[in-house]
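The values are calculated or read from the model by the stated rules, or taken from the named source; none is laboratory data. Just so you know, these numbers come straight off a predicted model, no measurement behind them. All Cβ positions, glycine included, derive from the backbone under ideal geometry; neighbour counts span all protein chains shown. These accessible areas exclude ligands, DNA and RNA; they are computed on the full protein's heavy atoms, side chains included. Shrake-Rupley method; radii C 1.70, N 1.55, O 1.52, S 1.80 Å.
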Amino acid sequence: MAAGARPIVWGIAGSDSGAGAGLQADLKAVHAFGVHGCTAVAAVTAQNSVAVTRVEPVSAELLDAQLAALAQDMPPHAIKTGLLGSVDNVRVVCQWVDRLRAQGLPVALVVDPVLGASTGTAFADDAVCQAYVTELLPRATLVTPNRAEAIRLGLAEPTAQQALRAQGVSLCITGGDADDAQASDWFSGPQATGWLSLPRVATNHHHGTGCTFASTAAAALASGYCVADAVVLAKMATTHALRHAYAAGQGAGPVQALPDFAQHIDNLPAFTLPGATAPLAMHALQSFAPLSNPALGVYAVVDSAAWVRRVLQSGIRTVQLRIKDPTEPTLVAQIAESIAIARATPGAQLFINDHWQLALQHGAYGVHLGQEDLDTVDLDALRKAGIRLGLSTHSYWEVARAWALRPSYIACGPIFATQSKDMPWIPQGLDNLRYWANVLPLPVVGIAGIDASNVAEVAATGAASAAVISAITKAEDPQGACQALLAGFKRLL
């Protein structure tokens with residue numbers, strides 16, 4: 001991709017003469033995301049907000065010619081399909097996906113299996129459905145049926161979902177067609193599996209929600225996001241589009257995708273923990289105790305009680321005891337001593353990393369957990385004990401899962417490259433930290449690669465804290481390093 005060029009998404013779908021769904025909705029969604037949308041018409045519909053009066057697939061030859069023209073000049077980073085209209089058109093799409101990938105292009109394919117209109121008109125017969133299942137879906141990166149479409153395609157059963165996963169295909173069954181107080185989508189992908197939920201938007205205007213969801217997911221994949229992140233962003237964009245839907249005609253009006261969809265915390269869904277069998281009840285989410293001082297400032301991460309004492313004596317007031325080895329013979333003593341030291345230091349906020357049971361046993365002020373710890377921790381016990389909770393996150397879907405727990409703070413990273421830990425994630429940088437500090441209504445901690453040379457820039461993002469490890473523990477003069485970090489964090493505030 002040329003420097004400064006936008007990622008390209010092909011929309012292959014039907015044209016909606018009422019401009020509420022189909023290619024017209026696809027274009028609005030991908031442009032709101034900031035990518036360039038191209039269109040290939042697979043079918044032409046005569047419709048308005050009340051009814052679809054005619055559907056006519058284009059010939060396979062014409063669809064092929066459109067895709068050939070696009071491939072010559074604007075090859076895609078992602079393809080989103082909607083109404084395809086015929087078995088022959090399904091096969092043309094499959095051929096082009098294979099051809100592009102064979103050329104070395106990592107083209108993501110999002111399949112929105114549009115089988116009928118919300119007004120009741122059928123768009124796909126049994127032969128088209130069979131072509132979807134046997135030919136198109138195995139090539140997909142992500143499939144986004146609503147519940148009725150998932151049932152018709154045989155994707156509602158766990159065995160079918162497992163078969164898709166075995167083929168490397170992610171599935172998101174959207175819940176927009178259900179009659180529930182909240183909109184919950186079931187996601188199964190390589191990063192995570194679970195329910196994404198938000199309160200249902202009270203509107204009669206919902207035309208194009210499925211198109212908007214799938215197109216935004218394709219735009220996110222084209223922009224380099226993983227599938228789980230793409231689904232979270234699609235959920236945010238679709239919810240925001242529903243909030244800004246409007247009347248056009250006598251029936252359900254169109255949703256309106258807007259570029260600021262990711263700037264509003266009300267659009268961030270709650271994502272269930274691993275093993276959840278049902279969506280979260282949004283009205284019943286419980287918060288952890290708030291921090292005594294949300295302005296955490298410089299956050300020292302150390303591995304012994306002696307270091308806890310040392311950094312507290314230097315003036316730092318936020319500390320994490322991080323002893324990763326559970327077989328460390330002095331573990332219990334180190335935790336107990338660290339808690340006692342912090343209690344004796346006015347304004348100290350000490351978090352115990354990972355060892356939540358010992359933290360609970362010794363009456364710790366706070367606990368910090370990674371995403372991998374959420375499988376086994378007793379969150380209710382921590383919440384009832386009034387223990388503050390901090391959670392690490394590295395991506396949209398991890399923030400959505402953390403946000404569902406309403407912790408005391410959320411840590412985002414890695415901000416910069418770091419040598420203290422082998423990180424599988426690309427550094428997020430200051431812009432991403434600034435984004436989360438502005439969006440999340442709780443303290444945000446930046447972590448990884450922070451030292452005296454960049455701590456002021458971290459503070460300038462609006463983050464409540466900068467977590468530091470090596471810049472303190474490996475410094476020749478730890479006392480001086482602590483003072484420099486404290487001064488640097490305050491400098492640009």
- Relative contact order for the chain, counting Cα pairs under 8 Å that sit 6 or more residues apart, in percent: 11
- Query: For segment 82-151, which semi-axes, largest first and in whole Å, follow from the square roots of 5 times the eigenvalues of its Cα gyration tensor?
  - Reply: 23, 13, 9
- Based on the Kirkwood radius over alpha-carbon pairs, what value in µm²/s does the Stokes-Einstein equation return for the translational diffusion coefficient of segment 425-482 at 4 °C and 1.567 mPa s? 108
- Message: Against the 2.2 N^0.38 Å scaling, with N counting residues, where does segment 265-371 land? I'd like the Cα-based Rg ratio to two decimal places.
- Response: 1.25
- Query: Lys pairs in the chain, Cα-Cα under 21 Å, at least 8 apart or on separate chains: how many?
  - Reply: 6
- Per-bin percent of Cα-Cα distances, segment 173-311 [10 Å]: 11, 33, 27, 17, 9, 3, 1, 0
- What Rg and what Dmax come out for the chain when only alpha-carbon atoms are used, in angstroms? 25.2, 78
- About its Cα centre, how strong a charge dipole does the chain have in debye, to the nearest 20, once Lys and Arg get +1 and Asp and Glu get -1 at the Cβ? 1220
- Task: Using only the alpha-carbon atoms of segment 323-392, report the extent along each of the three principal axes, biggest first, to the nearest angstrom.
- Result: 33, 28, 20
- Message: To test your reading of the geometry: what angle, between 0 and 90 degrees and rounded to tens, separates the Cα axis of helix 22-33 from the longest principal axis of the chain?
- Response: 20
- Can you give the three extents of the C-alpha atoms in segment 329-466 along their principal axes, from longest to shortest, in whole Å? 39, 32, 28
- Query: In whole percent, what relative contact order does segment 315-400 give with Cα contacts below 8 Å and a gap of six or more residues?
  - Reply: 25
- Three principal axis extents, largest first, for the C-alpha atoms of segment 273-323, in Å? 47, 24, 13
- Message: What do you get for the angle between helix 396-405 and the principal long axis of the chain? Use alpha-carbon atoms, 0 to 90 degrees, nearest ten.
- Response: 60
- More than 13 Å apart: what percent of Cα pairs in segment 120-162 qualify? 59
- Message: With +1 on the Cβ of every Lys and Arg and -1 on the Cβ of every Asp and Glu, and nothing else charged, how large is the dipole of segment 224-348 about its Cα centre, in debye rounded to the nearest 20?
- Response: 260
- Query: If packing is taken as the mean number of other Cβ atoms within 10 Å per residue, what is the order of 9-19, 446-456, highest first?
  - Reply: 9-19, 446-456
- Message: For segment 88-196, take N as its residue count and report Rg(C-alpha) divided by 2.2 N^0.38 Å.
- Response: 1.09
- Message: Compute the helix-to-body angle for 60-73: its Cα long axis versus the longest principal axis of the chain, expressed 0 to 90° and rounded to tens.
- Response: 40
- Query: How large is log10 I(q)/I(0) at q = 0.16, 0.26, 0.27, 0.31 Å⁻¹ when the Debye formula is applied to the Cα atoms of segment 10-65, each weighted equally and without solvent?
  - Reply: -0.49, -0.99, -1.02, -1.15
- Query: When the Debye formula is applied to the Cα atoms of segment 245-306, each taken as the same point scatterer, what base-10 log of I(q)/I(0) results at q = 0.13, 0.19 Å⁻¹?
  - Reply: -0.80, -1.05
- May I ask what percent, to the nearest 5, of DSSP beta bridges between residues of the chain are antiparallel? 25
- Item | Whole-number accessible area per residue in Å² for segment 106-160, which is evaluated in the context of all protein chains at 1.4 Å | 40
- Item | Size descriptor, Kirkwood hydrodynamic radius, that averages inverse alpha-carbon separations across segment 31-135, Å | 14.7
